[in-house]
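The values are calculated or read from the model by the stated rules, or taken from the named source; none is laboratory data. Remember, predicted model here, so these are calculated numbers, not experimental data. Cβ placement follows ideal geometry from the backbone for every residue including glycine, while neighbour counts extend to all protein chains displayed.
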Amino acid sequence: MNQYSNYLCNLMRLTFQQAVDWYHADLLTLGQAAQEVRWRLHPEPAVTYVVDRNINYTNVCVSGCRFCAFYRSADSPEAYVLEREALGRKIEETLALGGTQILLQGGMHPDLPFSFYEDLLRWIKDRYPIHIHGFSPPEIIHLTRISRLDLETVLRRLREAGLDTIPGGGAEILVDRVREQVSPKKGSSAEWLRVMETAHRLGMRTTATMMFGHLDTPEDRIRHLLAIRDLQDRTGGFTAFIPWSFQSGNTDLPLLPVGGTEYLRLLALSRLVLDNVPNLQSSWVTQGPKVGQVALFFGANDLGSTMIEENVVAAAGISFRLSLEEMERLITDAGFFPRQRDTYYRSVVA
């Protein structure tokens, strides 16, 4: 136990082997260490959240990831590309509910030209005062292929059209041995990291994520965390890290889901390893509100989104919902005070 006491006193940067040791430590000791880091980074007893909506502009995707229950082929009777009128209604409802951003993501559609995405961004920005947090790295890599433009040009043009920040989706596990089994058409770990590094170099901010609990091992998860930490050392462009557990319903990976204990273990380890990423988000969307609340004592300082709309996790048979009032009550009941934020983690005054 001496190594754990030393860590709490000195907050040493963890090596790979030290992270492995911490992963297998007593859960409460691990949580205590993570919470110590949380308080040093965020000494005020506040927990933040954002009011936003996940808008999936299409469910058509050529990637065919084994873990995804949401995507459809282009010829499926359930395939769609969201009409502008429907998109506008969703944004108007989000604004009416006090929302400050939309999370705009979709599948890797084989037939939509690059101009579709630029026109979509301009259409939104011309009409609505909303932050667009959109297009995960695999989508952006897909856009470089269909447009035959280099990555920096694609990012610059998306930003000029209205893209503000980039979500960390599509990271899954940043270990190619795993990616080749669960999402072989989605690009390599290096490609995901290259999108993020290029975006950061252009002055854009992004989040980082991890989806774990499928064909990955604890060591794979730690390699993923170290890859995020290494990139953050170079760029400082990640605003937050959001891990969530794989949900197997209706997917091609019929595995038992990761429970709350394993989720809290990974969350706490993330807080210890990612000493340079300022914010850690609790994932109540996959684990439910109660585990999401407990996560506030395992290193998380953010409760994520009110999720006015969420489709991808719901397609796997998991559908937790929280109203703004319920989210604030969860935070208050845990002994913190709630604070609405924007995408950059700045306070929003109601």
Only residues that are modelled with pLDDT under 75 and either more than 23 Å from Ile228 (Cβ to Cβ) or in a helix (DSSP H, G or I) (or both): list them for region 1-33, please. Met1, Asn2, Gln3, Tyr4, Ser5, Asn6, Tyr7, Leu8, Cys9, Asn10
Are there any pairs with C-beta distances below 7 angstrom linking a residue in region 287-305 that is aliphatic (A, V, I, L, M) to a residue that is assigned to a strand (DSSP E or B), with the two at least 6 apart or on different chains, and if so which? Leu296/Val47; Ala300/Leu280; Ala300/Gln281; Leu303/Val47; Leu303/Tyr49
Looking at region 199-206, can you tell me whether even one residue there is touching a Phe, Trp or Tyr at 6+ places or on another chain (Cβ under 8 Å), surrounded by 22 or more Cβ atoms within 10 Å (Cβ to Cβ) and not β-branched (Val, Ile, Thr)? no
On the basis of being touching an Asp or Glu at 6+ places or on another chain (Cβ under 9 Å), of a type outside the set (A, V, I, L, M), without any contact (Cβ under 8 Å) to a residue 12 or more places away in the chain and over 27 Å from Thr286 (Cβ atoms), does Thr144 make the cut? yes
Hits in region 203-237 (condition: within 21 Å of Thr165 (Cβ to Cβ), of a type in the set (Lys, Arg) and in contact (Cβ under 8 Å) with a residue 40 or more places away in the chain): Arg205, Arg229
Condition check: at pLDDT below 95, touching a Phe, Trp or Tyr at 6+ places or on another chain (Cβ under 6 Å) and hydrophobic (A, V, I, L, M, F, W, C). Does Cys68 satisfy that? no
Is there a residue in region 90-105 that is hydroxyl-bearing (Ser, Thr, Tyr) and part of a helix (DSSP H, G or I)? yes
Taking the residues in region 173-189 that are free of Cβ contacts under 8 Å to residues at least 24 places away in the same chain and more than 14 Å from Asp216 (Cα to Cα) as candidates, determine which candidate is nearest to the chain's Cα centre (by Cα). Ser188
With the requirement that a residue be in contact with a Lys or Arg (Cβ under 6 Å, 6 or more places away or on another chain) and at pLDDT below 95, what does region 34-52 give you? Val50
I'm checking my understanding of the structure. Among residues of region 278-295 that are buried (at least 22 other Cβ atoms within 10 Å of the Cβ), modelled with pLDDT of 90 or more and more than 11 Å from Met327 (Cα to Cα), which one is farthest from the chain's Cα centre (by Cα)? Ala295
Within region 144-160, does at least one residue satisfy the condition of being outside any helix (DSSP H, G or I) and within 20 Å of the chain's Cα centre (by Cα)? no
Would you point out the residue of region 260-274, among those that are surrounded by fewer than 17 Cβ atoms within 10 Å (Cβ to Cβ) and over 15 Å from Thr217 (Cα atoms), that is modelled with the lowest pLDDT? Gly260
If you check Gly98 against the conditions, is it in contact (Cβ under 8 Å) with a residue 60 or more places away in the chain, closer than 30 Å to Phe212 by Cα, surrounded by fewer than 23 Cβ atoms within 10 Å (Cβ to Cβ) and among the small types (Gly, Ala, Ser)? no
